[in-house]
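Contents: one structure, followed by commentary.
The values are calculated or read from the model by the stated rules, or taken from the named source; none is laboratory data. For clarity, every value in this text was computed on a predicted model and none was experimentally measured. Note: ideal-geometry Cβ built from the backbone for every residue, glycine included; neighbour counts use all protein chains shown.
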Amino acid sequence: MGEAGPRDRRYRHDMASNPSADRDERASAVPPQAPSEKEDLTIEMLDLPREECLRLLASHSFGRLAVSMGERAPVLHPVNYLFDEPSQSVVFRTAVGSGFHALLRSAEATFEIDGTEDLARTGWSVIMSGVTDEVTNPNEISRLNGLDLDSWAPGHDAHWMRIRALTVSGRRIVLPPEEVLGYPA
């Protein structure tokens, strides 16, 4: 098998080498091997606009919820969720009487999702902070039940909880444009 050229060695699929692809699309490309330490790459950290953060929240279904109560260490739980566009909230279900349910009532929380491409050394993260509350309006509960959240946890998760997207921020680590890597634009 012959040695791969720089283009083949650097990227796995056409999106990365497509000059019409934007920087975010190129950032999702995965190289077949990690760049060597000798390569002079200028990798950038970009702040994501709120709209992009909300799009990422809406396009995923698993994240981490951190809740802090007083001076104790934050409690961190993995949760599967839906992003509810009308209320600009992350919504999820929890069981009646669970310690987690009690902890969430009227507490401030932070929710995080992320994605990485280990070999490319790229990735993104979105962090949302807000107040948690239980959804109690019957019409809203009926609407949320129609969204078909498939809870991964065992048991009957009877209560809908939400975190409103009061503060949302995100960052993305991206590879430099192809012209910096020496590829034709």
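Would you say Thr132 is modelled with pLDDT of 85 or more, among the β-branched types (Val, Ile, Thr) and exposed (fewer than 11 other Cβ atoms within 10 Å of the Cβ)?
No.
Filter segment 144-163 down to the residues that are at pLDDT below 85 and under 26 Å from Asp47 (Cβ atoms) and list them by number.
Correct list: empty.
Do we have Leu166 as surrounded by fewer than 18 Cβ atoms within 10 Å (Cβ to Cβ), at pLDDT below 95 and either under 23 Å from the mean Cα position of the chain (by Cα) or under 19 Å from Pro74 (Cβ atoms) (or both) here?
Spelling it out, Leu166 is indeed surrounded by fewer than 18 Cβ atoms within 10 Å (Cβ to Cβ), at pLDDT below 95 and either under 23 Å from the mean Cα position of the chain (by Cα) or under 19 Å from Pro74 (Cβ atoms) (or both).
Among the aliphatic types (A, V, I, L, M), outside any loop (DSSP other than H, G, I, E, B) and surrounded by fewer than 16 Cβ atoms within 10 Å (Cβ to Cβ), is that true of Leu54?
So Leu54 does not fit the description; no.
Condition check ((1) in contact with a strand residue (DSSP E or B) (Cβ under 7 Å, 6 or more places away or on another chain); (2) under 20 Å from Leu56 (Cβ atoms); (3) free of Cβ contacts under 8 Å to residues at least 60 places away in the same chain) across all residues:
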| residue | (1), (2), (3) |
| --- | --- |
| Met128 | yes, yes, no |
| Asp133 | yes, no, yes |
| Asn145 | no, no, yes |
| Asp148 | no, no, yes |
| Arg162 | yes, yes, no |
| Gly170 | yes, yes, no |
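Only one of Ser28, Ser20, Ser59 is of a type in the set (S, T, N, Q) and modelled with pLDDT of 50 or more; which?
Ser59
With the requirement that a residue be among the aliphatic types (A, V, I, L, M), part of a loop (DSSP other than H, G, I, E, B) and within 18 Å of Leu76 (Cα to Cα), what does segment 114-163 give you?
Within segment 114-163, just Ala153 meets the criteria.
Just to be sure before I move on: is Thr122 surrounded by fewer than 17 Cβ atoms within 10 Å (Cβ to Cβ), of a type in the set (S, T, N, Q) and either over 15 Å from Ala165 (Cα atoms) or at pLDDT 90 or above (or both) in the structure I sent?
No.
Go through segment 57-71 and give me each residue that's in a strand (DSSP E or B) and over 14 Å from Trp124 (Cβ atoms).
If the condition is that a residue be in a strand (DSSP E or B) and over 14 Å from Trp124 (Cβ atoms), then Phe62, Arg64, Leu65, Ala66, Val67 are the ones that fit.
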